[in-house]
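A short worksheet on the structure shown next.
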Amino acid sequence: MGFALAGGTGSGMTVSGSRTNIVVRNGTIRGWTGNGLEAASATNSQLESLRVSNNGGYGIRVGSGIVSHSEASTNGAEGIYTSASTVRDCLAHSNGSHGFIVDFDSTITNCVARQNTGTGIITIYGMTITGCTASFNSGSGISAGEVSTVSHCTAKGNGVDGIVAGSGSTISGCTANTNTGDGIEVTSSCRVTDNTCT
């Protein structure tokens, strides 16, 4: 109902222990010395319509579940950090490290990472990244782990490469422009089709 947790010591909200089926939605968490929302051991969580900003650590850190329609900005560490999850329609900008880190066998869709001090979007293994934009990050725009699919994404103006992918990955229908390093960089056994790099 539009809650606000504003300012204090430690994390703004902490889910203790290995909890399941936690739902947090429609609120603001800002100005804490630790993480904004700390739920690293929680599984099958649903986080929706959150605005998490100006915290000393992570904006949102959650084990697994769904993170949607949320914004993480100007946090001291990563904006959104999660594993085995679906992340969609989220924004991470101006964070002190990477915009998004999403682990193992997850999907990230229609998200925006911009002006983060690290890489815009980092994924670890077996990921699907679709319709995302990574722009003006100090590191690379999108860095995908092995056996990942990156499609219809845009990477522009990043400080290193536009899109990087590990072995066995597919990159298709993407645009990479005005990045300091390579537009698209892959390792072995990758398929790279129908992209535009300038």
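Readers should treat all values here as calculations from the given coordinates under stated rules, not as data from a laboratory. Given the structure is predicted, the values throughout are model-derived calculations rather than measurements. Ideal geometry is used to build each Cβ from the backbone, glycine not excepted, and the neighbour counts take in all protein chains shown.
Roughly how large, in nm² to one decimal, is the mean projection of the convex hull of the alpha-carbon atoms in region 33-197? The partial results should precede the final answer.
Working: hull surface 29.9 nm².
Hull-based average projected area comes out at 7.5 nm².
Taking amide H positions as modeled 1.01 Å from N, with prolines and chain starts lacking one, the residues under 5 Å from residue 125 and 5 or more places away or on another chain are 104, 105, 145.
For a protection proxy built on the mean count of beta-carbon atoms within 10 angstrom, sort 172-180, 105-113 highest first, please.
In decreasing order of mean packing, 172-180, 105-113 become 105-113, 172-180.
Using C-alpha pairs below 8 Å separated by at least 6 residues, the relative contact order for region 98-198 is 20 percent. Rounded to the nearest whole Hz, the Karplus-based 3J(HN,Hα) values (6.51 cos²θ - 1.76 cosθ + 1.60, θ = phi - 60°) of region 8-24 follow the sequence x, 8, x, 8, x, 9, 10, 9, 8, x, 8, 8, 10, 6, 7, 10, 10, with x at glycine and proline.
Could the peptides 7-14, 155-162 be put in order, highest first, of the mean number of other beta-carbon atoms found within 10 Å of their residues?
On the way: 7-14: 15.2, 155-162: 22.4.
Those peptides, ordered most packed to least, come out 155-162, 7-14.
With a cut-off of 8 Å between alpha carbons and a minimum separation of six or more residues, what is the relative contact order of the chain in percent?
Working: 762 pairs, mean separation 20.5, N = 198.
Relative contact order for the chain comes out at 10 percent.
When the chain is described by a simple charge dipole with +1 on each Lys and Arg Cβ and -1 on each Asp and Glu Cβ, the residue from 170, 131, 195 located farthest towards its positive end is 131.
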